[in-house]
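These notes concern the structure reproduced below.
The values are calculated or read from the model by the stated rules, or taken from the named source; none is laboratory data. Being a predicted model, the structure only gives us computed values, none of them experimental. With ideal geometry, Cβ positions are generated from the backbone for all residues, glycine too; neighbour counts draw on all protein chains shown. For the accessible areas, the whole protein counts, side chains as well, though only heavy atoms, and no ligand, DNA or RNA atoms are used. Shrake-Rupley method; radii C 1.70, N 1.55, O 1.52, S 1.80 Å.
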Amino acid sequence: MKLQPFGSAGREVSVIGQGTWYIDRGNRGSAVAALRRGIDLGMTHIDTAEMYGEAEPVVAEAIAGRRDDIFLVSKVLPSNASRRGTIIACERSLARLKTDRLDCYLLHWRGSYPLAETVAAFEELVSAGKIRSWGVSNFDADDLAEMLAVAGEGKIACNQVLYHLKQRAIEHAVIPWCAQHGVAVVAYSPFGHNDFPQPRSKAGAALQVIAEALGASPRQVALSFLTREPSVFAIPKASTSEHAADNAAAGEFVLGKDEITALDNAFPRGPRPRSLPML
């Protein structure tokens, strides 16, 4: 599994990680087995959130006895992101995850509390050793600039955003901004939300051709394309051990210029939208 620096967090992290949104909706045993299989294959970056229902306890079970191997991320809801509320939410997540620290803690999206309050809480949690770094999610470039003005350079570890073949809006401004300021970009829902390109579509057929030529699955090719820039990571969810193994294999190969050009043509990024897409 390829590793790369995770923004200002000071760690090298697996370029392909594991998302956990909706992981609590299916069979718990299968979900735990999928996460453990992913860890075994090098996907040690595990992302969760207080919003994700029972996902944090599922993660706790999966990482039991292996915490030191994991780059563990969770998120605070905007409705909890006051200074005191952020600290309480973090402590609640730590208890549910059965750990004494998070490697990164994110503001899930921008809410009504001043960014300065949330940042103050993050810095207090860093000082207390309860989080190692912090970042944001669903922030557009102008939001990132405002956060930078509040926190200063070198504080924002990452920005987690929607990014998949059919939704490439972050390439216009978010990825360039993050690359300029040393902020990692984490792609959530990298296969789309129940909308992965099908072979019967023109774009899906192009993806299939590339996958077959490389001896890879279409999803492996998609993940490799999304993480082609050195600042970008992806956190696909897997509901079975087989899916986890398929995802992990994407971290072992790099697309050539011809494949990248073909995918760029098949899935054009389109114009910059007025607002950042999010789920």
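What the table shows:
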| read-out | value |
| --- | --- |
| Residue satisfying all of: in the range 131-163; aliphatic (A, V, I, L, M) and in a strand (DSSP E or B); farthest from the chain's Cα centre (by Cα) among these | I131 |
| Any chance N247 is surrounded by 16 or more Cβ atoms within 10 Å (Cβ to Cβ), out of contact with any Ser or Thr (no Cβ under 7 Å at 6 or more places or on another chain) and over 19 Å from P268 (Cβ atoms) | yes |
| Residue match in the range 106-115 (condition: within 25 Å of A173 (Cβ to Cβ), hydrophobic (A, V, I, L, M, F, W, C) and in contact with a Gly (Cβ under 7 Å, 6 or more places away or on another chain)) | yes |
| Test: residue in the range 89-112 that is within 16 Å of the chain's Cα centre (by Cα), open to solvent by 10 Å² or more (accessible area, probe 1.4 Å) and at pLDDT 95 or above | yes |
| Cβ pairs under 8 Å, 6+ apart, first in the range 48-66 and over 18 Å from G135 (Cβ atoms) and buried (at least 18 other Cβ atoms within 10 Å of the Cβ), second acidic (D, E) and at pLDDT below 95 | A55/D24; V58/D24 |
| Considering residues of the range 196-253 that are out of contact with any Gly (no Cβ under 7 Å at 6 or more places or on another chain) and aromatic (F, W, Y) only, the residue farthest from A55 (Cα to Cα) | F253 |
| Residue ID - most open to solvent (accessible area, probe 1.4 Å), chosen from residues in the range 198-229 that are within 30 Å of V58 (Cα to Cα) and of a type outside the set (G, A, S) | R219 |
| First in the range 218-246 and in a loop (DSSP other than H, G, I, E, B), second anywhere and open to solvent by 60 Å² or more (accessible area, probe 1.4 Å), Cβ under 6 Å, 6 or more apart | S231/A179 |
| Those residues of the range 172-197 which are open to solvent by 10 Å² or more (accessible area, probe 1.4 Å), within 22 Å of Y105 (Cα to Cα) and small (G, A, S), in sequence order | A179, G182, S189 |
